[in-house]
Amino acid sequence: MAYDKFEVLTSSAYPLPIENVDTDQIIPARFLKATERKGFGDNFFRDWRYEADGTPKADFPLNKEIYAGGKILVGGKNFGSGSSREHAAWSVYDFGLRCVISSFFADIFRNNCLNVGVLPVQVSAAFSDKLFDAIMADPKTEIKVDLPNQTVTLVATGAFEKFEINGYKKENMLNGFDDIDYLKNIEGEITTFAENRPF
């Protein structure tokens with residue numbers, strides 16, 4: 001498996017109610033030299049999380065103890081815009097997040113997330129506001145993300161919304177597969193097809 005399977009996740013969340021967050025904020029360009037997926041979490045939102053001297057910015061949500069341990073990030077509209085760098089998705093996963101919720105995602109960022117085991121959940125603007133309000137009222141409020149049923153639910157109130165996902169990507173997430181894992185998993189079928197293919 002390329003990453004841990006994703007089925008049902010119930011967790012608190014980090015709120016980041018900022019629109020048009022681009023990939024250069026998510027992982028600044030100076031940290032793109034590495035070719036392995038490890039270590040990017042340390043520089044996730046580096047310039048927003050830290051001062052120039054490396055001191056954590058106390059007012060940034062990802063640095064606040066009240067949100068610590070969350071596996072979900074609730075972001076503002078148009079999350080992941082900008083360049084196509086896959087490292088942005090790597091940094092999300094390496095930081096410890098398994099799901100990002102927003103009312104709109106940049107397509108390339110969405111697909112990069114799905115390839116590395118991060119579930120991008122797009123909800124309506126109204127439901128996004130409901131999530132932000134709940135987190136602000138109680139930093140430990142739990143959100144349940146159910147991939148098999150494609151629902152995201154506020155545990156305390158039961159309010160939920162359905163979300164869409166490509167069927168192929170859904171099956172890969174449920175199995176912890178990237179594209180290579182998927183091909184390996186159906187290697188027998190590929191071999192049988194190749195052996196019986198008419199020429």
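For this structure, a couple of remarks:
- Carbon and sulfur %, accessible surface of the stretch 8-195 computed with the full protein complex present, 1.4 Å: 51 percent
- When both bridge partners sit in the chain, DSSP labels roughly 50% of those beta bridges antiparallel.
- Derived scalar couplings ³J(HN,Hα) [the stretch 7-13; Karplus, 6.51 cos²θ - 1.76 cosθ + 1.60; whole Hz; x for Gly, Pro]: 10, 10, 10, 10, 7, 6, 9
- 1.4 Å probe accessible area per residue over the chain, in Å²: 51 Å²
- Hits among lysines - C-alpha to C-alpha of K64 under 26 Å, sequence gap 8 or more where chains match: K38, K77, K130, K140, K144
- Candidates per GluC sites (Glu not before Pro) in the stretch 1-107, loop by DSSP, up to 15 other Cβ within 10 Å: E7, E19, E36, E51
- Overall Cα dimensions of the chain, principal axis frame, Å, largest first: 65, 43, 25
- Mean separation of Cα contacts under 8 Å, 6 or more apart, over the residue count of the stretch 8-195: relative contact order %: 23 percent
The values are calculated or read from the model by the stated rules, or taken from the named source; none is laboratory data. All values derive from a computational prediction rather than experimental measurement. A quick note on method: Cβ atoms are made from the backbone with ideal geometry, for glycine too, and the neighbour counts reach across all protein chains shown. Only protein heavy atoms, including side chains, enter the accessible area calculation; ligands, DNA and RNA are left aside. Shrake-Rupley method; radii C 1.70, N 1.55, O 1.52, S 1.80 Å.
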